[in-house]
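Asker: There's a structure below that I have some questions on.
Read-outs throughout are calculated quantities, based only on the coordinates presented, and are distinct from any laboratory measurement. Keep in mind that what you see is a predicted model, and the values were worked out from it rather than measured. Cβ placement follows ideal geometry from the backbone for every residue including glycine, while neighbour counts extend to all protein chains displayed.
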Amino acid sequence: MTSGAPVAGLVLAAGGGRRYGMPKALVEYRGSLLVERAVRTATAVCDPVLVVLGAAAVEVWQRADLSGASVLANRDWETGMASSLRTGLEGLRGWPGRVTAVLVQLVDMPGMTPEALARVAAHAAPDALAVASYGGVRGHPVLLGREHWAGVVETATGDEGARAYLAGRDVVEVDCTGLADPTDLDVPPSG
């Protein structure tokens, strides 16, 4: 962890991977499942780490090494990413006063690194809002200070996550260019 401020990690891994053809949590990438990679990256920087599962949750739980993470089930995963974000933020309420902020990470970004997470986590505070940027383009992880969780839960809908909540608010953009690959795996590699 950085800056002495407790920062939780939240890995969103509940989607069915409609365009990918299978739940992305179960996708093997360079010798491990995407969900395993995301959890390892988060546990290198964050404590606690929560992973939200949905599609094929039992299979993911049985197959994946999720050491160091607490698993939450999102029964409404088919409604979109926002329901997973809400599930995770509500789950973090179980750590009252201990967690200052949360870093939200997506399961389908295998190029995410602890270095990028740590750079964004350095901005942690109860009132913080920060987002990684790559070449001036906003991406992940997203840092949400504890004071914003209720507002994010109220406004998150569909696949938008925290976007509506962040719009029009003062959000610190943290340059992570070169620290991580922000590419997400929306479809299987061709060839």
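Asker: Would you calculate the separation in nanometres between label points at Ala122 and Arg63, each defined as 7 Å from the Cα along the Cα-to-beta-carbon direction?
Answerer: 3.8
Asker: Report the paramagnetic label zone for Asp76: residues of segment 159-183 whose backbone N is under 17 Å from a point 7 Å from Cα along the Cα-to-Cβ axis.
Answerer: Zone members listed by number: 159-165.
Asker: Next question, about the same structure. Which length gain, in nm to one decimal place, applies between Ala164 and Glu115 when the Cα-Cα distance is subtracted from 0.36 nm times their residue separation?
Answerer: 14.9 nm
Asker: How about segment 110-179: which trypsin sites (Lys or Arg not before Pro) there lie in a loop by DSSP and see at most 15 other Cβ atoms within 10 Å?
Answerer: Counting only loop positions with at most 15 other Cβ atoms within 10 Å, the trypsin sites (Lys or Arg not before Pro) in segment 110-179 are Arg169.
Asker: List the residues whose amide H sits under 5 Å from the amide H of Met112, counting only those 5 or more places along or on another chain, with H placed 1.01 Å from N in the peptide plane.
Answerer: Asp181
Asker: In addition: Modelling each spin label as a point 7 Å along the Cα-to-Cβ direction, I'd like the Glu28/Asp181 distance in nm, to one decimal.
Answerer: Simple spin-label model gives 1.9 nm for this pair.
Asker: Just from its helices, what would the mean residue ellipticity at 222 nm be for the chain, if runs of 4 or more DSSP H residues each count -39500 (n - 2.57) and the sum is divided by every residue, rounded to the nearest 500 deg cm²/dmol?
Answerer: Mean residue ellipticity, 222 nm, calculated: -6500 deg cm²/dmol.
Asker: Cα centroid distance between segment 69-131 and segment 1-68, in Å?
Answerer: 11
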